[in-house]
């Protein structure tokens, strides 16, 4: 059953209680042009089916959670979580940004961060021109991440996201997992490979292995629309084409994968419909 934990003109926080009381998730939406009032939280259906209690932050604008009411909303969520419970943050892009920036307020034990962004401050990331946040407020942009939090950062190092990772590393330790040729859509790419469910459950079970995941993703890349789209962009121009051909052959050797193989389409949906990444 859905329960409102916090409500304001710009933010809703929904709790969906589950049977498990050892682990809870706190999720943050990514930037999304379609924000209907009846939309699900990020990964809501999956966590509910698996019996995990989850708190879903639903912003009514694409303001990157630069909202005056965030401290109160975060405090209500933290107070509602029983002491001793393991708390895992989950998000992609803008959602990963929020999970990392608010990891201290929520006392997160772990964060699963797809394509995390370090900042939306043009003074700090002058090279970042992909986003146009609604509003100019940056009140939480410099929130220090919780140093005790284990952060798994899944991203494409051949994408501009690598610069966000470099900046985040100045503030906190990250365990990087490379999703080569996924572009900014790392979470969709992992889902297309049929591995998103296992990523989450392996983190919960303390058996997550980033190196093994990288090899699996590389082996299965040819089955995904994301790889096909991103790889096609790298084939323009002779020098560019040769460069990325060499990168792929190097990755074949490094990851011990002789050739990509196809996999069947995943049957479990971990993203809300029309979820933007």
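Among the numbered criteria (1) surrounded by 18 or more Cβ atoms within 10 Å (Cβ to Cβ); (2) modelled with pLDDT of 95 or more; (3) within 27 Å of residue 161 (Cβ to Cβ), which single criterion is violated by residue 50?
The number of the failed condition is (3).
List the residue pairs whose Cβ atoms are under 7 Å apart, where the first residue sits in region 29-42 and is without any contact (Cβ under 8 Å) to a residue 12 or more places away in the chain, the second is part of a loop (DSSP other than H, G, I, E, B) and surrounded by 20 or more Cβ atoms within 10 Å (Cβ to Cβ), and the two are 6 or more positions apart or on different chains.
Going by the 7 Å Cβ cut-off, there are no qualifying pairs.
Does residue 165 meet the test of being crowded, with 17+ Cβ neighbours inside 10 Å and either under 12 Å from the mean Cα position of the chain (by Cα) or closer than 22 Å to residue 55 by Cβ (or both)?
Against the criterion (crowded, with 17+ Cβ neighbours inside 10 Å and either under 12 Å from the mean Cα position of the chain (by Cα) or closer than 22 Å to residue 55 by Cβ (or both)), residue 165 does not qualify.
Identify, please: which residue in region 196-228 is free of Cβ contacts under 8 Å to residues at least 24 places away in the same chain and closer than 14 Å to residue 180 by Cβ and is, among those, farthest from the chain's Cα centre (by Cα)?
In this case the residue turns out to be 228.
Inspect all residues belonging to region 137-145 and state whether any of them is farther than 23 Å from residue 221 by Cβ, at pLDDT 95 or above and in a strand (DSSP E or B).
Within region 137-145 (the criterion being farther than 23 Å from residue 221 by Cβ, at pLDDT 95 or above and in a strand (DSSP E or B)), the answer is no, since none of the residues qualifies.
Criterion first (in contact (Cβ under 8 Å) with a residue 12 or more places away in the chain, crowded, with 24+ Cβ neighbours inside 10 Å and part of a helix (DSSP H, G or I)) does residue 95 satisfy it?
Values: in contact (Cβ under 8 Å) with a residue 12 or more places away in the chain: yes; crowded, with 24+ Cβ neighbours inside 10 Å: yes; part of a helix (DSSP H, G or I): yes.
When the stated conditions are applied, residue 95 passes them.
Is it the case, given these coordinates, that residue 116 is closer than 23 Å to residue 32 by Cα and either modelled with pLDDT under 95 or part of a loop (DSSP other than H, G, I, E, B) (or both)?
yes
Filter region 98-121 down to residues that are farther than 16 Å from residue 166 by Cα and either over 9 Å from the mean Cα position of the chain (by Cα) or in contact (Cβ under 8 Å) with a residue 60 or more places away in the chain (or both), then give me how many there are.
12
crowded, with 21+ Cβ neighbours inside 10 Å and in contact with a strand residue (DSSP E or B) (Cβ under 6 Å, 6 or more places away or on another chain) - does that describe any residue in region 222-238?
no
Would you be able to say whether some residue in region 147-164 is touching a residue at least 60 places away in the same chain (Cβ under 8 Å), outside any loop (DSSP other than H, G, I, E, B) and at negative phi?
No, because not a single residue in region 147-164 is touching a residue at least 60 places away in the same chain (Cβ under 8 Å), outside any loop (DSSP other than H, G, I, E, B) and at negative phi.
Any idea which residue in region 244-273 is nearest to the chain's Cα centre (by Cα), counting only those that are at pLDDT 90 or above and loosely packed, with under 12 Cβ neighbours inside 10 Å?
254
Based on this model, can you work out whether residue 18 counts as in a loop (DSSP other than H, G, I, E, B) and either in contact with a strand residue (DSSP E or B) (Cβ under 8 Å, 6 or more places away or on another chain) or surrounded by 20 or more Cβ atoms within 10 Å (Cβ to Cβ) (or both)?
yes
Scanning region 1-15 for residues that are modelled with pLDDT of 95 or more and touching a strand residue (DSSP E or B) at 6+ places or on another chain (Cβ under 6 Å), which turns out farthest from residue 95 (Cα to Cα)?
3
The values are calculated or read from the model by the stated rules, or taken from the named source; none is laboratory data. Every value quoted in this text rests on a predicted model; they were computed, and no experiment measured them. Don't worry about glycine lacking a Cβ; one is built from the backbone with ideal geometry, like all the others, and counts go over all protein chains shown.
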